[in-house]
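> Take this structure, written in structure tokens, and hold onto it; I'll ask about it next.
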Amino acid sequence: MVDNNLLTKIQCKVKVLGISSDTRHLKKGDVFFAINGKSFNGTEFIDLAIKKGAVAIVLEKNSINKSLKKIKIPIFLVKDIRASLSEISISFYKSKISNLIAVTGTNGKTSVAFFLYSL
């Protein structure tokens, strides 16, 4: 179950300009979702996210550790970080995406995406 009020809770503490789960694309004013994957632990990138201007951090409850106590920006804990990221993104960016098309497969993705964009 996703906390539908999470975005509201975050916005009560800080001004949110964007949402990111990848520090390579994070911009100043973004909320950083520290997602654990197969190759990387999202909590390893929290310091970098803060240096790049993250205004808040969202973590899964089982990701909390002692080193997070030194963080000076708000931290929000959730049960399911992927579901929370999805729900918050839909709420935050609701008027910015009118159509979304996914292209999958082995060959021809770039060409098909270009053709669809041209249409």
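> I need the phi-derived Karplus couplings for region 70-76: 6.51 cos²θ - 1.76 cosθ + 1.60, θ = phi - 60°, integer Hz, Gly and Pro marked x.
7, 6, 9, 9, x, 10, 10
> Using the Kirkwood radius over C-alpha pairs as Rh, can you work out the diffusion coefficient of region 27-109 via Stokes-Einstein at 10 °C, viscosity 1.306 mPa s, in µm² per second? Could the numbers behind the result be given before it?
On the way: Rh = 14.5 Å.
After rounding, the answer is 109 µm²/s.
> Determine the per residue accessible area of region 4-47 with all protein chains present and a 1.4 angstrom probe, expressed in square angstrom.
64
> Here's another thing I want to ask about it. Where only protein heavy atoms count, and the probe is 1.4 Å, what is the accessible area per residue for region 63-119 in Å²? Walk me through the intermediate numbers first.
Working: 4800 Å² over 57 residues.
Normalised by residue count, the accessible surface of region 63-119 is 84 Å².
> Can I ask one more? To the nearest 10 square angstrom, what accessible area does E44 show with a 1.4 Å probe?
Approximately 130 Å² for this residue.
> Then there's this: First compute the accessible area of region 29-80 with a 1.4 Å probe, then give the percent of it belonging to carbon and sulfur atoms.
Result for region 29-80: 54 percent of the exposed heavy-atom area is carbon or sulfur.
> Turning to a different aspect of this structure: Number of Lys pairs in region 18-99 with C-alpha atoms less than 19 angstrom apart, excluding same-chain neighbours closer than eight positions?
Step by step, the pairs that qualify in region 18-99 add up to 19.
The values are calculated or read from the model by the stated rules, or taken from the named source; none is laboratory data. Since the structure is predicted, the reported quantities are computational estimates derived from the model, not experimental observations. Surface accessibility is based on the protein's heavy atoms, side chains included, excluding ligands, DNA and RNA. Shrake-Rupley method; radii C 1.70, N 1.55, O 1.52, S 1.80 Å.
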